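Structure first, then comments.
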Amino acid sequence: MHKEFLMGNEAIAIGALAAGVNYVAGYPGTPSTEVLETVAKRNPGSVYVEWSVNEKAAMEAAAGAAYAGARALVTMKQVGLNVAADPLMSLEYIGIKGGMVIMVADDPGPISSQTEQDTRTFAMFSKVPLFDPSTVEEAFSMMKEAFAFSEEWGTPVFFRSTTRVDHGYESIEIPDEPEYEKHEPEGFVKDASRFVIFPKLSVKNHALIEKRNAQLSKTLSEYPRNFILPAKGRWQAKGKAAQDGCGSGNRRAIATHGINYTYVLDAFDEASRPEILRVAVPFPFPEDLAAAFLQDKDEVLCVEELDPVIERALIHVCGKYGLQVRIRGKLTGDIAPSGENSTDSVAAALAAFFEDASLKPSACGLSDAPPLPVRPPVLCAGCPHRASFYAVKQAMKGQKTLFAGDIGCYTLGNAQPLEMCDTCLCMGAGINIAQGIWRVEPDTKCFAFVGDSTFFASGITGVVNAFYNQAQLTLIVLDNSTTAMTGHQPHPGTGRTVMGQVVEKVSIEAVLLAIGLPFVETVDPLDLEHAIDTVRRAQEVDGVKAIIFRSPCITIEKSRRKAAVDPEQCTGCRKCIRSLGCPALVLDGKKAGIRASMCTGCMLCAQVCPAGAIREG
């Protein structure tokens, strides 16, 4: 054993390695990405690791490994679970042989996601047990328990963390590599009665799942990480004396989970706190433990993020057991119904609940501090996507257009002055959204922008749908040869895997031509004149057309080139600044200037400047 200072996602990955994981698959997405990357980095050599083309593929491949008795880990963010839902729902009816943990990173806020969906609710919907750690150390330890639980009960399990656990840090004890558990898969044993899903099997297994989950509710009441933390200090006595000097005198307590458990503890002195129900496995809900907790209470405040999962469960327990306890939380307005909680927001809620001003967050002494500057996210200086957007915008100037965007760096094309993202829903959706809008407004020139990684993840089916149904649209594939927004992970078009293998690239051009598109051209977007001309020529072709704007991500292929403004030639028209929105372009007095520290020498601004005042320098 040794101690390391680890990020939560690193601890989760090491927990899986220490549990003897054999197979790891996932799709990158903040805040989950570092889990799979850490497994790949610390791979002892016996673990298969892959970035799958999407979460559905990852779920299905991991299920196959678990069928063969391997311990399998799947990683994704919460919106990725939507993509993986189809196989997961059926997989719970089938069950598994080797332990299978589905690590889903929720994103309260959201900080980097489209939704604030709560995987705890999805667990109830899919009937899949869920583990919900509160700290980095617990995330490490709980991973081994999750694998053992999965194998014992023959079910996949969720391992649900949130951003503050995923990206938090803690110094924890972890085993040395020789101490890792070794798990040898038995192999796949053919059994059509078990692994081939038919309605008869579904009816039978559904009944077994319901019976199992009822049993698990009792079993999990004994799980050590579901516990009642006793009251201490002035909160210890029961009855009216329980709140002596602290408000109305009602018998009050707290129920909480995940990172919120640490927020609750932070609000109280270590020597004095009320009774707390900590729920580490919210589904199946530990009903017996909850009933015991509620027996002598008048009111309970449920401190949780996203959905009122614990709150609804406690209301159910009160009704079932005839307990006259008022359950408060999100449904009563005591906890915010959406958004991320914080130590301050939790302390304020506790202060109001207990009518105790001493629990309110103390002022930080920042009242005189100036407001933080507004820093909207922008495309990097030299990003080739900027050139691609500008080329399309110039080519279609004056025409009725629709620019359907997608998920990735290129979503930032919505910002001024480009304003080239009219819609953005989910990965791959822009291609199909453009088709729907064109059917309603056939006089609109519809464009769908998609990145190279997203094209492989969820864009191909949309292109096939458009071609088959005779839509009129232009597909713009923004190929920067990486999965940039989540940290430059490889994908099928890069020619390499996360395990370092060099493989044959999947050609985007070949895929599009195989579908049957009549116009497929690849262009360097930084050759502005050629890029504009290609967009214009594409509009002369009926049906689905595709332009692949290919230029490497500027953070991967560094350039030593720099652009410079000749102040003698610059007329101060500011066209470069107003047209491109490049963060390296600034106003220097009345004329344009370039921040040499940010400039990458893409020379797009030089091609836009009407005075020829920008040159390589």
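The values are calculated or read from the model by the stated rules, or taken from the named source; none is laboratory data. Not measured: the values here are computed from a predicted model. Here Cβ is always computed from backbone atoms with ideal geometry, including for glycine, and neighbour counts include all displayed protein chains. In case anyone asks, the SASA skips ligands and DNA or RNA and just uses the protein heavy atoms, side chains included. Shrake-Rupley method; radii C 1.70, N 1.55, O 1.52, S 1.80 Å.
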Query raised in the report: Say each of Asp588 and Ala514 gets a label point 7 Å from the Cα, pointing the same way as Cα to Cβ; how far apart are those two points in nm?
Result: 5.1
**Report entry** For the stretch 334-356 versus the stretch 147-176, the gap between their alpha-carbon centres in whole angstrom
**Finding:** 27
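For the full complex of protein chains and a 1.4 angstrom probe, list Arg595, Arg160 by accessible area with the highest value first. Please report the intermediate quantities before stating the final value.
Details: Arg595 110, Arg160 0 Å².
From most exposed to least exposed: Arg595, Arg160.
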Requested in this report: Starting from the Kirkwood radius over alpha-carbon pairs of the stretch 449-555, derive D by Stokes-Einstein at 25 °C in a medium of 0.890 mPa s and give it in µm² s⁻¹.
Outcome: 170
Query raised in the report: To the nearest 0.05, how large is the calculated FRET efficiency for Arg574 and Val541 if R₀ is 45 Å and r is the Cβ-Cβ distance?
Result: 0.80
Report summary line: SASA check, Asp298, accessible area w/ 1.4 Å probe, all protein chains in place, rounded to nearest 10 Å², comes out at 50
**Report entry** Per-residue HN-Hα couplings for the stretch 370-375 [Karplus 6.51, -1.76, 1.60; θ = phi - 60°; Hz; x = Gly/Pro]
**Finding:** x, x, 5, x, 6, 10
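Tell me, which longest segment in the chain has none of the GluC sites (Glu not before Pro) that fall in DSSP loops with at most 16 further Cβ atoms within 10 Å?
Values: sites that count: Glu181, Glu186, Glu270, Glu355, Glu419, Glu504, Glu540, Glu557, Glu568.
Counting at most 16 other Cβ atoms within 10 Å as exposed, the longest clean stretch of the chain is 1-180.
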Report task. Name the lysines eligible as straight-distance cross-link partners of Lys218: C-alpha to C-alpha under 24 Å, and not fewer than 8 places from it in the same chain. Result -> Lys97, Lys127, Lys144, Lys204, Lys297, Lys320
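For the stretch 563-616, what does the relative contact order come out to in percent, with C-alpha contacts under 8 Å and a separation of six or more?
On the way: 83 pairs, mean separation 26.6, N = 54.
So the answer I get is 49 percent.
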Query raised in the report: If you average the sequence gap of Cα pairs under 8 Å that are 6 or more apart and divide by the length of the chain, what percent do you get for the contact order?
Result: 11
Report task. Let me have the relative contact order for the stretch 227-359, percent, based on Cα pairs under 8 Å that are six or more residues apart. Result -> 27
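In terms of solvent-accessible area of protein heavy atoms at a 1.4 angstrom probe, what is the ranking of Asp107, Asp566, highest value first?
On the way: Asp107 0, Asp566 45 Å².
Largest to smallest exposure gives the sequence Asp566, Asp107.
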**Report entry** Spin-label model distance (nm) - Ala369 vs Phe195, 7 Å beyond Cα toward Cβ
**Finding:** 5.7
Query - Per-residue [θ]222 nm for the chain (sum of -39500 (n - 2.57) over DSSP H runs n ≥ 4, rounded to 500) - result: -10000 deg cm²/dmol
Query raised in the report: By what distance, in whole Å, do the Cα atoms of the stretch 154-245 stretch along each of the three principal axes, largest value first?
Result: 67, 41, 24
Query raised in the report: What is the local net charge at Lys127, summed over the other residues whose Cβ is closer than 14 Å to its Cβ (Lys, Arg +1; Asp, Glu -1)?
Result: +1
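Kindly sort Asp356, Asp533 by accessible area of their heavy atoms, largest first, with the probe set to 1.4 Å. Before the final figure, lay out each step's value.
Values: Asp356 15, Asp533 70 Å².
Correct descending sequence by accessible area is Asp533, Asp356.
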Report summary line: What the 10 Å binned alpha carbon P(r) of the chain shows, as percent of pairs per bin from 0, is 3, 15, 21, 22, 19, 13, 6, 2, 0
Requested in this report: Could you tell me the accessible area of Leu425 in Å² (1.4 Å probe, neighbours in place), rounded to the nearest ten?
Outcome: 110
Requested in this report: Run the 1.4 Å probe and let me know the accessible area of Val79, rounded to the nearest 10 Å².
Outcome: 30
Requested in this report: Could you work out how far the C-alpha centroid of the stretch 399-462 sits from that of the stretch 520-577, in angstrom?
Outcome: 19
Query raised in the report: Considering only protein heavy atoms and a 1.4 Å probe, what is the carbon-and-sulfur percentage of the accessible area of the stretch 83-129?
Result: 62
